[in-house]
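Undergrad: My questions will all concern the structure given below.
The values are calculated or read from the model by the stated rules, or taken from the named source; none is laboratory data. On a predicted model such as this, the values are computed, not experimentally measured, just so you know. Cβ: placed from backbone, ideal geometry, glycine included. Neighbour counts: every protein chain shown.
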């Protein structure tokens, strides 16, 4: 057998490589040309919005030339438009790593994917990268504004939105976000102006705009306009959860308890297992003196929201109103277990102990109620019911002047609050001030004839 030397083997290998190399180069060139053709075919499908077909073409191109950055980018965009975010990000990342010639397009798409996935840090990295390329790019400035908004940097977001608006003056969504920013910054005039602009520009979310407009009117005590806009919001978006609750509470402020109940019952037809709405409506039933229904609604609130203290508080109140103080004590204690120190709950517990003829415990809880409600009204100075409850606590504790001041503040916020007017009239009777008592009687006539007649009987005894 003849032996080949090592040098003979190497020589043969070199000859083979020299023969194969031109063939490999030719194959690579054919693959590159074929991949480019496939990308063009993919682009044709992409332009007619047949994204699935486009993705298939780009995928074939990538098999032939895995380093084709354009194929990865456009495949990623196809996944983007088909709402396949994970695959979109994977392809866009690959396109970036391969040096795709238009990185701004990558950042413009990818930040939005991260934003929608609430991956805000990743989204912000893309926004910053885009602005580093073009600090005046409107899309990136708008993206920065959106990022500032979701991160509750409202002042920064406002500056960014306002810098973009002159370039896109008909963008209704920007005006809507500006209205939301003013809401969070407590700028009522700015809120209403921006909400009106959003509606004028044809926002795709008219329900949100009407809600913001209604809220602005409510804060200005322009209650009829507020109700009108809340009703418009509900018509535009019948599944707007907050809208039902906001409209119901506005009806409460207007002493329209039956309307508050009706809109809450309508809300329950849309959100049938919502404990918060049942809790709300139990309160409205109590205000309307429909106490058995208040009990049933509060019990439903507890069933659907067992960790919420307020349904227990409302149940305690309703049990007091139906002269079942033992049950009231249990309900109030359950509420205090969930929210220790709550002033309203302590007030109802005091009433239950009073009905049980346990004066020491009643007095103790009235004092705790005053402490809690004073704190509550400091934290919620524009909430009328807090002052009404504080007035009740002062009244029970024999602090007439403080009770009068609390009721007057309540009525400044909610002039149609009939029960507050009735109690204020009683206090004026107690102080022998017939003229002021009659003033409350005259106001009550149009609000609640039954309470007005009751107050008049007491006035006539002076």
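Undergrad: Restricting attention to the range 374-385, does a residue exist that is within 28 Å of residue 408 (Cα to Cα), out of contact with any helix residue (DSSP H, G or I) (no Cβ under 7 Å at 6 or more places or on another chain), in a loop (DSSP other than H, G, I, E, B) and in contact (Cβ under 8 Å) with a residue 24 or more places away in the chain?
TA: The answer is yes, given that some residue of the range 374-385 is within 28 Å of residue 408 (Cα to Cα), out of contact with any helix residue (DSSP H, G or I) (no Cβ under 7 Å at 6 or more places or on another chain), in a loop (DSSP other than H, G, I, E, B) and in contact (Cβ under 8 Å) with a residue 24 or more places away in the chain.
Undergrad: Further question: Out of 37, 83, I need the residue that is more than 30 Å from residue 166 (Cβ to Cβ) and part of a loop (DSSP other than H, G, I, E, B). Which one? Step through it out loud before you land on a result.
TA: Numbers: 37 fails: part of a loop (DSSP other than H, G, I, E, B).
Going through 37, 83 in turn, just one is more than 30 Å from residue 166 (Cβ to Cβ) and part of a loop (DSSP other than H, G, I, E, B): 83.
Undergrad: Just give me the residues in the range 273-294 being crowded, with 23+ Cβ neighbours inside 10 Å and more than 17 Å from residue 243 (Cβ to Cβ), in sequence order.
TA: Initially, the range 273-294 is screened for residues crowded, with 23+ Cβ neighbours inside 10 Å, giving 277-285, 294.
Answer for the range 273-294, where residues must be crowded, with 23+ Cβ neighbours inside 10 Å and more than 17 Å from residue 243 (Cβ to Cβ): 278, 279, 282, 283, 285, 294.
Residue-by-condition table, conditions (1) modelled with pLDDT of 90 or more; (2) under 38 Å from the mean Cα position of the chain (by Cα):
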residue: 1; (1), (2): no, no
residue: 5; (1), (2): no, no
residue: 10; (1), (2): no, no
residue: 51; (1), (2): yes, yes
residue: 62; (1), (2): yes, no
residue: 66; (1), (2): yes, no
residue: 78; (1), (2): yes, yes
residue: 85; (1), (2): yes, yes
residue: 95; (1), (2): yes, yes
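Undergrad: Say we look at the range 151-166 and pick out the residues that are outside any loop (DSSP other than H, G, I, E, B) and in contact (Cβ under 8 Å) with a residue 24 or more places away in the chain; which of these is surrounded by the fewest Cβ atoms within 10 Å (Cβ to Cβ)? Show your work before the answer.
TA: Here is the first cut: in the range 151-166, the ones outside any loop (DSSP other than H, G, I, E, B) are 154-166.
Filter once more, keeping what is in contact (Cβ under 8 Å) with a residue 24 or more places away in the chain: 154-155, 157-158, 164.
On the way: 154: 17, 155: 11, 157: 24, 158: 22, 164: 20.
That would be 155.
Undergrad: Go through the range 167-181 and give me each residue that's buried (at least 21 other Cβ atoms within 10 Å of the Cβ) and without any contact (Cβ under 8 Å) to a residue 24 or more places away in the chain.
TA: 178
Undergrad: For the range 252-321, give me every one of the helices (runs of 4 or more DSSP H) that falls completely inside it and has 2 or more residues that are within 29 Å of residue 356 (Cβ to Cβ) and touching a residue at least 24 places away in the same chain (Cβ under 8 Å). Let's see the steps before the verdict.
TA: Working: elements: 257-270, 275-287, 291-304, 309-321.
Result: 275-287, 291-304, 309-321.
Undergrad: Going residue by residue through the range 304-320, is there one that turns out to be within 28 Å of the chain's Cα centre (by Cα) and at positive phi?
TA: no
Undergrad: Considering the range 339-361 alone, what residues qualify as being surrounded by fewer than 15 Cβ atoms within 10 Å (Cβ to Cβ) and either assigned to a helix (DSSP H, G or I) or touching a strand residue (DSSP E or B) at 6+ places or on another chain (Cβ under 7 Å) (or both)?
TA: Applying the first criterion (surrounded by fewer than 15 Cβ atoms within 10 Å (Cβ to Cβ)) to the range 339-361 yields 340-341, 356-357, 359-360.
If the condition is that a residue be surrounded by fewer than 15 Cβ atoms within 10 Å (Cβ to Cβ) and either assigned to a helix (DSSP H, G or I) or touching a strand residue (DSSP E or B) at 6+ places or on another chain (Cβ under 7 Å) (or both), then 359, 360 are the ones that fit.
Undergrad: Within the range 68-104, can you find the residues that are out of contact with any helix residue (DSSP H, G or I) (no Cβ under 7 Å at 6 or more places or on another chain) and either more than 16 Å from residue 54 (Cα to Cα) or crowded, with 18+ Cβ neighbours inside 10 Å (or both)?
TA: Narrowing the range 68-104 to residues out of contact with any helix residue (DSSP H, G or I) (no Cβ under 7 Å at 6 or more places or on another chain): 83-84, 86, 90, 93, 97, 101-102.
Scanning the range 68-104 gives 86, 90, 93, 97, 101, 102.
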